[in-house]
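Asker: The structure's right below; bear with me while I get my questions together.
The values are calculated or read from the model by the stated rules, or taken from the named source; none is laboratory data. Model, not experiment: these values are computed from the prediction. Ideal geometry is used to build each Cβ from the backbone, glycine not excepted, and the neighbour counts take in all protein chains shown. Only protein heavy atoms, including side chains, enter the accessible area calculation; ligands, DNA and RNA are left aside. Shrake-Rupley method; radii C 1.70, N 1.55, O 1.52, S 1.80 Å.
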Amino acid sequence: MAGNDYGWYPGHMTKSIRAIREELKLVDLCIEVLDARVPLSSRNPDIDELAKDKYRLIVLNKSDLADEKKTAAWIEYFKSLGIETLVLCAKEKKTSDAVKKAAMNVCREKIERDKKRGIVGRPIRAMVCGIPNVGKSTLINTITGKAPAKTGNKPGVTRNNQWVKTSAGIDLLDTPGLLWPKFEDKSVGFKLAAIGSINDQVINLIQLAGEVTVLMNELYPGALAAKYDVQEDASVQDIIKGAGLRSGLIVKGGEVDMQRASEQILNDLRSGKLGKVTLEVPHQ
Ligand code: G4P
């Protein structure tokens, strides 16, 4: 995992794989949570192998912050892989019913099979999986109405898995399965850093804001220039300066405080003030 500006969690991968493999043995359904703004970068494709014998449901979470058109393209993409996909905002109460309904639908074959064997009402056992910060705990909390067990976002922490019953015939494991980002591709770390999923203290924020500005100019031409009152063809430096000037982030001598201006751009992106933004499209 070394050799990447945005890499983190070194050494935990093997433990993670082992823990997920063991926990998946307990369940019928794997609910994989992705961040709708970066569905590919927030996905560890190893889950395809780990959960190959399980029913699958992908949740595109934080859809309140994502670009709706691109989200629609992502649904088609995952459909083409044969995985049912649900678009959600895990913070919303109505999420709970949507997940339960989708889970029952995905597992309908098992429910039918059970019925033929005279087994009626046996709950579906489900587990929520995903990389840190995609909203796994929020989702578990919304579905069960209870705070999920803490894992400290680190595999290997003592985990007391408990089943939480839900009204819709689903038992949910209260500890999320922790996957790790796939850092081999440098753009993965960058995009996770951009949306705020990697601790900012270990990142050069001026560099990150510069890279974000370049990507935003490519994906949403003119959006940053309009937001920060600069010419459409302004350089990356001038856009960052514009962000600083607009928020009065000036240091002695009248220069823009580039550190704080960079933070401003990142905060604006992460809080949706640059609009609903998705940083990648399928098949890039
Ligand atoms: P994790 O278990 O996968 O690590 O993620 P967790 O639920 O802790 O969520 C990470 C952050 O994402 C939290 O914000 C949470 O509130 C936010 N979040 C979860 N789902 C959604 C969603 O659908 N939309 C939006 N906009 N945000 C979501 P935080 O700032 O770390 O914590 P808090 O201050 O909100 O409690």
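Asker: Take K186 and decide whether it is touching a residue at least 24 places away in the same chain (Cβ under 8 Å), more than 16 Å from the ligand (Cβ to nearest atom) and farther than 24 Å from I17 by Cβ.
Answerer: Judged against the criteria, K186 is not a match.
Asker: Could you tell me which residue of the range 246-273 is farthest from D229 (Cα to Cα), considering only residues that are aliphatic (A, V, I, L, M) and open to solvent by 50 Å² or more (accessible area, probe 1.4 Å)?
Answerer: V251
Asker: Among the candidates K91, K54, K79, single out the residue that is within 14 Å of the ligand (Cβ to nearest atom) and open to solvent by 30 Å² or more (accessible area, probe 1.4 Å).
Answerer: Result: K91 is the single residue among K91, K54, K79 that is within 14 Å of the ligand (Cβ to nearest atom) and open to solvent by 30 Å² or more (accessible area, probe 1.4 Å).
Asker: Taking helices (runs of 4 or more DSSP H) that fall entirely within the range 216-277, which contain at least 1 residues that are within 24 Å of the chain's Cα centre (by Cα) and closer than 18 Å to G196 by Cβ?
Answerer: 223-227, 258-270
Asker: For the condition under 14 Å from R37 (Cα atoms), at pLDDT 95 or above and in contact with a helix residue (DSSP H, G or I) (Cβ under 6 Å, 6 or more places away or on another chain), what is the one hit in V59, V87?
Answerer: So the residue among V59, V87 that is under 14 Å from R37 (Cα atoms), at pLDDT 95 or above and in contact with a helix residue (DSSP H, G or I) (Cβ under 6 Å, 6 or more places away or on another chain) is V87.
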